[in-house]
Structure formats: structure tokens, C-alpha cells
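Participant: I have a structure here, written as C-alpha cells, and I will follow up with some questions on it.
The values are calculated or read from the model by the stated rules, or taken from the named source; none is laboratory data. What you are looking at is a predicted structure, and each value in this text was computed from that prediction instead of being measured. All Cβ positions, glycine included, derive from the backbone under ideal geometry; neighbour counts span all protein chains shown.
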Amino acid sequence: MALTRWWSRGERLAGKPSGALLAVEPQEWLGVATDVAAAGGQLLALWATRYPDCSPAALVRAAYLVDGGLLVAQLPVADPAHRYRGLQELYPAAARMQRAAADLTGILSDAADRRPWLRHAAWAPDQHPLSAPPPIPAAPAVDDYAFVRVEGEGVHEIAVGPVHAGIIEPGHFRFSVVGEKVLKLEERLGYVHKGIERRFTELPLLDGHRLAARVSGDSAVAYAWAYCQALEGMTGTAVPPRALWLRALCLELERVQNHLGDLGALGNDAGFAFGLAQFSRLKEELTRAIGATLGQRYLLDAVVPGGVAVDLQDQAARTLAVVLARTSSRVRELHAIYDDHAGVRDRFAGAGRVEPELAQRLGLIGLAGRASGQGSDLRVDSPWPPYHVITPKLCMRRDGDVAARVAVRFDEVEESCRLARALLSELPGGALAAPVPAAVAAPLGVGVIEGWRGPVLVALESREPGRIHRCHAHDPSWQNWPVIEHAVMGNIVPDFPLINKSFNLSYSGHDL
Amino acid sequence: MLKTLRTIAGVGIVSESPPEPDDELRLRDALQAQIQSVLGRALAIRAVDSGSCNGCELEIHALNNPIYNIEGLGIRFVASPRHADLLLVTGPVSWNMAAALKRTYEAMPDPKLVVAVGDCGCDGGVFGRSYACAGPVSAILPVDVAVPGCPPSPQRLLQAILTAIRPRRA
Ligand code: SF4
């Protein structure tokens, strides 16, 4: 009930359908957060923006997913030295987002943890990349991060990373263990911080989608679509139906590619190399079919402002549909094999469990959330075109362990193959893209797309024609990384790679 | 178990012959022989992500699938730089990774080769040089071969690796 008044006070937000922008006073900021939490909503993203020579000098924004809509609360910060009220008690995931906002903009929350998050040794504490001028890069150096120590008899520390043994992204994990058992894990991320948000401000408004697609290359379609959704909302661009159908096709193909890769890697981590061989072959077959029909093996350049840069002839569409049907039936066979294999079952079941209650409290989101009973999927909850026509099915489990995250992937591969084929069979004719007007009608637009990991958000702001003032990209990994610290507690260290892989979170999308 | 065996038998051997060589590179089919004659054993590669968007990693992973079957060519990925002949580096080098990348390189035994992967590895790509990015891998390490693409295909990656190990002609 309490939420109704916030919704009714909000203005229409450009970008994601069913979005509202709510300007709040400092004394209301926490009230909105509290009402959203009471309604079962979640914090999706939190970011700060500086406005040099303007009043207020900065804004902090919090985007909530609640009631099937997107509510963006906007808090003015008149004095950059003033600390705004942190949201970490209601939403634990806010803690790192606030630390990142502090590193990048110098706008601080009142949370007790003042340690830097994305800033390592490359720039000084009093420099802030998103408030001009940019810092001067320092020579390669390593800083001394204040990890939280666990004291006790027989406790020792194991430090892993940033460079890992496999072909994976870099990050640091500090385990406190007794024997083989994990008492505590503390993550340290930020190694692949590339200054993406600063880079956005140097690009033309109509070029930002290329960078957005590379925030996390495995979720390129999701990010590029979110960017374009924001931009198209700001400029009042109507995307042609054929382009929307092709975007959704690309998004589902991206989901299947990633899930196939993960299912193989998870089998391998459980000692079942057969799984890796089979799934990586299936993935390669599909990837080649995508390359042959859409012209890109990975769809990093498929979504462009106003539409798409890919097309499908009828014959190509039929070919792709056949490959998808085959993929789906092969995956069903492999699912039965994984289920039957005692060794695999044994490793998956119970490992890295996140109970639904904990998942809700910590804000676990996306695929991993759905494996812990959090029944949220934007394609289902607030379907945007063309998802309103093809009605995706929610894939959910409640066990919250590696087995559940594997099961959700199996179900989603099948569902996405079905959706992709439905899109292919009803592909509307017409233009591939609409021109995007140069003039911006709304200065702020927010796009949100359900990528394979979960919802990705892009908040785009333009204050001068054709220019980007601020572009914030948010990956669901922000929510889920802290949950891994809980998921591994009480597990043995050798199970960490399996548990970590079952989440398969993004480093690049998080480190920005 | 039966299902597993049936799937193995049903699928059969899917490994392809090595990619068609780029004429310029004159690799022909003798890829494995080349590795053997240069190294006398398998080529050991250590992959390091120095700031990648993870796109290049997807294609590096593909090298291990049964279709490209890189192990069959006598190339394997190793966990430690101390066992590596070649360092495969992705990403524009983020300043936060620069020290770790240097350390990894220094831990490799001589002689060592470096292949910079992707548009980012070649020149910084869309991320460029900035307060957060040193840019190309060559800004931090001596690079032997750089392979563009965003991401480069598995074939191009293989060609780059093989070009790097092939003794340079005068
Ligand atoms: S070259 Fe392209 S795919 Fe590779 S890391 Fe750079 S942006 Fe990502």
C-alpha cells in the first residue's frame, strides 16, 4: 500500500516500459527503500552522478525492481562532502555499490566500511574518475587491502588470485580455513576495472552501444539492448517489429551459448570430462550456425540504436531452427545422463547451498536467484516486446545448491530453444532499424534486460546533444558475488571451483 | 553408463583437421610436426586475462572443444607460468592487473613467447588507454604476435599461436 504513493508521485521514466523516476528528499530516501523491501522488492542498482557547476552538485540514484516495475529513486546531494544514508542494512548488496560510487565520484555514504572497492593502486584516494579531470595513471603497483581476519586455533588463510589456474577472469579470494573446511571467504574484485563509465562520457551518444556490448562480452546482447532501450526511450524512437524479434532471438541464442558452456564446465569440475566434450561440441555447432546465419559467432555487434545490424533470410532461419531443435533434444539426453551419473549427482547435490530465505535477504538475483526459489525473471514478470507474445516460462528450483543451478540451466536451455524457434517461425517482415532522432526528449533513460545471468541495467544520461554525460552499467553479479561468500561457508576448499562455476559471475561486468 | 557409451559411439569423432593454413603463414598441415621440431614436445600455454570483457575467453575456450581439438595438435593449457612456453594475453591491460601480468611473465622460464589477443590486446580496443587501462599488451610486455578481432575466431587464435612458435625467417 505504502508503495502506491511513491508510484503515483513518480514521473514516467524513459526506457524500460513500466519505469518511474521519483525525486525524493533526504528524509524520504530511506522510506522508499523500506517500503520497497516491505513489498518484497529488490534493489537492482545504485549509482552516483556529479554535475559540475550545477545545483545540486550530485545525485544518487537507486533502482528498485518491485511490483513488476522499475522504480528509480533520485536523491539530491547538495554538498559533495555530505554523506548520504546508505542502504546496506535493508539491502546488503548496496554496500559494495556504495563503495564503488565513492571511488568513482567521491560521493560517500554513511556506511561504516570505508575501504575502497574498485580503486586499487592506480589512482589516489582523493581522485575520482567520474569527476573531471581524470586521474593520471600510476605505474603498475599493488596495494595493501585490509582483509577481515579470522582469529582462532587452527585457522589459516589461503589466498588465491588474481590470476587463476584456468582460462577465467581475474579476482582474488581469501579463504580462512580449518583443515579443508571454509570458515570464511572474502572476495576482492576490481582487477579488470577498465574505466568503462569514464570511457562512455568520451563517446558519441549513438556509439555507446558498442562499448555497452563489451561491459561483459558474454552478455553482449543484453547490454547492447539495455543501452539501446534507454537511448530509444530518450529519443522517442520506435523500433520496428522485425528488429525487436531479432533482438530477442539474439538474446535467447546468447543464453543458450552460455548455458551450454557452463553445463559442460560444471560436468568437468565434477570429474565428468564426457560432459565437457559433449557440451562444448554442442556449443560449437550452435556457435557456427549462428556465425553462418547471423554473421557473428558471438553477437557482440548485433544490436544497434534503432534496431539490429543482423538479418536472416528464410533459408537461414530454417537452418537455425533445425540446429536449435537438435540442440534441444541432445541437451535432453545429456540431462538424463547427468541425472543418472552417481558421481556427478554426488558432487552437485548439497554443494554451495543458498536457502531461499537467505537468498531473499541477500538479494540473490537472476539465474542463481531462480535456483534458490526467487521466482523473478523480467521476461515473465514484465515482458517487453516481443516477450509479451511468446510468453516465456519461469524456470525455478528451491534447493539452492549446485544441482539446482545446473537444473535451472537445463530447463532454460530447452525453454530458450523453444522461444528462439517461436521467434524464428513468426519473424515479422519490415525494416531492420529506424532512424534515431538526434534530439533527446528526456535527459535520462534506463534500460533493463534479462540477460542469461540475470537483469542488466543501463542508465544513460545526456545533457548536450549527441553527448553522454553519464552512463551507468549494472551487472547482476553485483548482487550475487557477496552471496558466494555465504554459499561456500562450511564447504571444503576443493569444492570452491565447482560452486563458483555454478554461479559463473562476471568480473568484467562488475569491475567496469 | 550405457547411455554415456551410446552417446560416445553415436557422436563418434568430431575433431576436424587443423584449420586451413593462411598461405602467408605457410603452416600447411604440419602443425604438430612444427611444434615437435621446435620444442620436441607439447607446447604449453598459460592464458592470462589482463582486463578482457570475457569475449576473447569464449573463443579461447573453444580451442579446447573436440572440434578444434588443440590437444591433438600438441598444445595444452597449463596452470602455472613456470611450465609455460607461451603467454596468451587478453584484454586491454588494466592498471589493476598490470603488476600481476608482469609477475606472471617473469615467472616463465626462458625462452618465452607472448601472444596478445583481440583488438584490446593489440591496441586497447574500445577501452583505449586511460586512467584505468595501460592499453595494448605491448605497453607492459614484449609481444611476439598480436591477433586482432573482437573476439578473434578460434582459427585466427590457432594461427597466431603457430606463427609465434615458428622460427622467424630472415
Ligand atoms: S577484443 Fe573484443 S572480445 Fe576481446 S576482450 Fe576486447 S572487447 Fe572483449
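Participant: Here's a check for you: in segment A:216-241, which residue that is in a loop (DSSP other than H, G, I, E, B) and of a type in the set (S, T, N, Q) is farthest from residue A:419 (Cα to Cα)?
Facilitator: A:237
Participant: Looking at segment B:66-103, which of its residues are touching a Lys or Arg at 6+ places or on another chain (Cβ under 6 Å), facing another protein chain (nearest Cβ under 8 Å) and buried (at least 21 other Cβ atoms within 10 Å of the Cβ)?
Facilitator: The answer is B:94, and nothing else.
Participant: If I filter segment B:43-65 down to residues being at pLDDT below 95 and assigned to a loop (DSSP other than H, G, I, E, B), which single residue comes out as farthest from the other protein chains (Cβ to nearest Cβ)?
Facilitator: Restricting to residues being at pLDDT below 95 and assigned to a loop (DSSP other than H, G, I, E, B), the top hit is B:64.
Participant: Scan the strands (runs of 3 or more DSSP E) fully inside segment A:363-481 and keep the ones with 3 or more residues being polar (S, T, N, Q) and under 17 Å from the mean Cα position of the chain (by Cα).
Facilitator: Here the list is empty.
Participant: Another question about this same structure. Tell me whether segment A:272-283 contains one or more residues that are within 16 Å of the ligand (Cβ to nearest atom), crowded, with 18+ Cβ neighbours inside 10 Å and without any contact (Cβ under 8 Å) to a residue 40 or more places away in the chain.
Facilitator: There is no residue in segment A:272-283 that is within 16 Å of the ligand (Cβ to nearest atom), crowded, with 18+ Cβ neighbours inside 10 Å and without any contact (Cβ under 8 Å) to a residue 40 or more places away in the chain.
Participant: Please specify each residue of segment B:45-56 satisfying the condition of being on the phi < 0 side of the Ramachandran plot and within 8 Å of the ligand (Cβ to nearest atom).
Facilitator: Scanning segment B:45-56 gives B:52, B:53, B:55, B:56.
Participant: In segment B:104-138, how many residues are more than 8 Å from every other protein chain (Cβ to nearest Cβ) and either assigned to a loop (DSSP other than H, G, I, E, B) or out of contact with any Cys (no Cβ under 9 Å at 6 or more places or on another chain) (or both)?
Facilitator: Counting residues in segment B:104-138 that are more than 8 Å from every other protein chain (Cβ to nearest Cβ) and either assigned to a loop (DSSP other than H, G, I, E, B) or out of contact with any Cys (no Cβ under 9 Å at 6 or more places or on another chain) (or both) gives 16.
Participant: Of all residues in segment B:120-170, count the ones that are charged (D, E, K, R), within 14 Å of the ligand (Cβ to nearest atom) and under 14 Å from the mean Cα position of the chain (by Cα).
Facilitator: Here the count works out to 1.
Participant: Is it the case that residue A:126 is in a loop (DSSP other than H, G, I, E, B), modelled with pLDDT of 85 or more and either in the same structural domain as residue A:85 (by TED's automatic domain parsing) or out of contact with any Lys or Arg (no Cβ under 8 Å at 6 or more places or on another chain) (or both)?
Facilitator: yes
Participant: Next question. Could we say that residue A:239 is within 13 Å of chain B (Cβ to nearest Cβ) and within 24 Å of the chain's Cα centre (by Cα) here?
Facilitator: no
Participant: Let me ask something additional. From the residues in segment A:167-220 that are aliphatic (A, V, I, L, M) and more than 16 Å from the ligand (Cβ to nearest atom), which one is nearest to the chain's Cα centre (by Cα)?
Facilitator: Top of the filtered list is A:189.
Participant: Taking the residues in segment A:118-127 that are in contact with a Pro (Cβ under 8 Å, 6 or more places away or on another chain) and farther than 19 Å from residue A:170 by Cα as candidates, determine which candidate is nearest to the other protein chains (Cβ to nearest Cβ).
Facilitator: Checking each candidate, the answer is A:123.
Participant: Does segment A:129-160 hold any residues that are modelled with pLDDT of 85 or more and within 14 Å of another protein chain (Cβ to nearest Cβ), and which are they?
Facilitator: Matches in segment A:129-160: A:129, A:130, A:131, A:145, A:159, A:160.
Participant: A further question follows. Residues B:135, B:149, B:121: which one is on the phi > 0 side of the Ramachandran plot and in contact with a Pro (Cβ under 9 Å, 6 or more places away or on another chain)?
Facilitator: Criteria check complete, one pass: B:135.
Participant: Anything in segment B:86-112 that is within 16 Å of the ligand (Cβ to nearest atom), over 17 Å from the mean Cα position of the chain (by Cα) and either more than 17 Å from residue B:130 (Cα to Cα) or among the acidic types (Asp, Glu) (or both)? List them, or say none.
Facilitator: Within segment B:86-112, none qualify.
Participant: Can you tell me which of A:244, A:263 is farther than 16 Å from residue A:415 by Cα, assigned to a helix (DSSP H, G or I) and of a type in the set (A, V, I, L, M, F, W, C)?
Facilitator: Only one candidate passes the filter, namely A:244.
Participant: Quick check on residue A:422: is it touching a helix residue (DSSP H, G or I) at 6+ places or on another chain (Cβ under 9 Å), farther than 23 Å from residue A:216 by Cα and either of a type in the set (Ser, Thr, Tyr) or outside the structural domain of residue A:244 (by TED's automatic domain parsing) (or both)?
Facilitator: Taking the combined requirement at face value, the residue does not satisfy it.
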